[in-house]
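The values are calculated or read from the model by the stated rules, or taken from the named source; none is laboratory data. What you are looking at is a predicted structure, and each value in this text was computed from that prediction instead of being measured. Reconstructed Cβ throughout: ideal geometry from the backbone, glycine too, with neighbour counts over all protein chains shown.
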Amino acid sequence: MAIKSVRYLKDLEKVIYDTNWYKKSDNFPVYYMSRGVKERGAWRYDTTIIPSKMLGVEYVKTQGHRHIGADNEVYSVLSGVAIFFLQRIIKKKVVDAYAVKAKKGESVILPSHYGHITINSTSKPLRLANWIRNKSRSSYSYIGRMRGGCYYYLKSGWKKNKHYKQIPPLRFEKPIKNIPPNFFS
């Protein structure tokens, strides 16, 4: 049975770029999750809905986390357009940062050990589905401690997060059309 939950603005307090806007805002639902909608062997299927909103000057996004004890994860866009932001941290240093823009019917494989944030920069709701190993756990601590990912996506474009000492150049990758048949092996 699916476990439904909601992330509220107060849950994202540590990762909001526009802190002045945040201080003046009332709490509201930012996005909705259903975990364990179905299973396929050791894999769990989840869904997420991210309504179109602005968080001050920043596009609406997920809280951001990385997985512990997980293999790769795959996200598919069911409707809308997603920007997936990923970063790899080794010894408290960001060694890689990239973004993938995906639309309905496209997917993105998120490599294990990468933190990730999903962004909705459109005027329509974003609906996503993902497959992840049942045994994985999420860690929100590093991204929270650093006040977000090493880049924010604002109305004005990508902006480096000043709380990181060194940030690699942001690169851009393309989504995939189909989940590889051997992904679940």
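Determine whether Asp96 is surrounded by fewer than 20 Cβ atoms within 10 Å (Cβ to Cβ), touching a residue at least 60 places away in the same chain (Cβ under 8 Å) and not hydrophobic (A, V, I, L, M, F, W, C). Spell out the reasoning first.
Values: surrounded by fewer than 20 Cβ atoms within 10 Å (Cβ to Cβ): yes; touching a residue at least 60 places away in the same chain (Cβ under 8 Å): yes; not hydrophobic (A, V, I, L, M, F, W, C): yes.
It is true that Asp96 is surrounded by fewer than 20 Cβ atoms within 10 Å (Cβ to Cβ), touching a residue at least 60 places away in the same chain (Cβ under 8 Å) and not hydrophobic (A, V, I, L, M, F, W, C).
Kindly indicate which of Arg137, Arg171 is farther than 22 Å from Pro51 by Cβ and modelled with pLDDT of 95 or more.
Values: Arg137 fails: modelled with pLDDT of 95 or more.
The conditions single out Arg171.
Collect the residues in the stretch 82-105 that are of a type outside the set (Asp, Glu), in contact with a strand residue (DSSP E or B) (Cβ under 6 Å, 6 or more places away or on another chain) and either in a loop (DSSP other than H, G, I, E, B) or farther than 13 Å from Asn120 by Cα (or both), keeping them in residue-number order.
Of everything in the stretch 82-105, those that are of a type outside the set (Asp, Glu), in contact with a strand residue (DSSP E or B) (Cβ under 6 Å, 6 or more places away or on another chain) and either in a loop (DSSP other than H, G, I, E, B) or farther than 13 Å from Asn120 by Cα (or both) turn out to be Leu86, Gln87, Arg88, Val94, Val95, Ala97, Tyr98, Lys104.
Look at the stretch 156-185 and say how many of its residues are within 18 Å of the chain's Cα centre (by Cα), under 18 Å from Lys101 (Cα atoms) and in a loop (DSSP other than H, G, I, E, B).
Let us first name the residues in the stretch 156-185 that are within 18 Å of the chain's Cα centre (by Cα), namely 157-161, 170-176.
In the following step, the residues that additionally are under 18 Å from Lys101 (Cα atoms) were identified as 157-159, 170-176.
The next check asks that each one be in a loop (DSSP other than H, G, I, E, B); those that pass are 170, 174-175.
Residues meeting the conditions: 3.
If Tyr142 passes every condition in (1) assigned to a loop (DSSP other than H, G, I, E, B); (2) at pLDDT below 95 but one, which one does it miss?
The failed condition is (1).
Regarding the stretch 73-90, can at least one residue be identified that is exposed (fewer than 13 other Cβ atoms within 10 Å of the Cβ) and over 22 Å from Asn130 (Cα atoms)? Steps first, answer last, please.
First, pick out the residues of the stretch 73-90 that are exposed (fewer than 13 other Cβ atoms within 10 Å of the Cβ): 90.
From what's left, over 22 Å from Asn130 (Cα atoms): 90.
Yes; the residues of the stretch 73-90 include at least one that is exposed (fewer than 13 other Cβ atoms within 10 Å of the Cβ) and over 22 Å from Asn130 (Cα atoms).
Which pairs have Cβ atoms under 9 Å, sit 6 or more apart or on different chains, and link a residue in the stretch 163-178 that is surrounded by 10 or more Cβ atoms within 10 Å (Cβ to Cβ) to one that is among the acidic types (Asp, Glu) and at pLDDT below 95?
none
Residues being closer than 23 Å to Ile109 by Cα and over 16 Å from the mean Cα position of the chain (by Cα): count how many of those fall in the stretch 19-44.
Residues of the stretch 19-44 that are closer than 23 Å to Ile109 by Cα, as a first pass: 31-44.
Add one more test, that the residue is over 16 Å from the mean Cα position of the chain (by Cα), and what stays is 36-44.
Residues meeting the conditions: 9.
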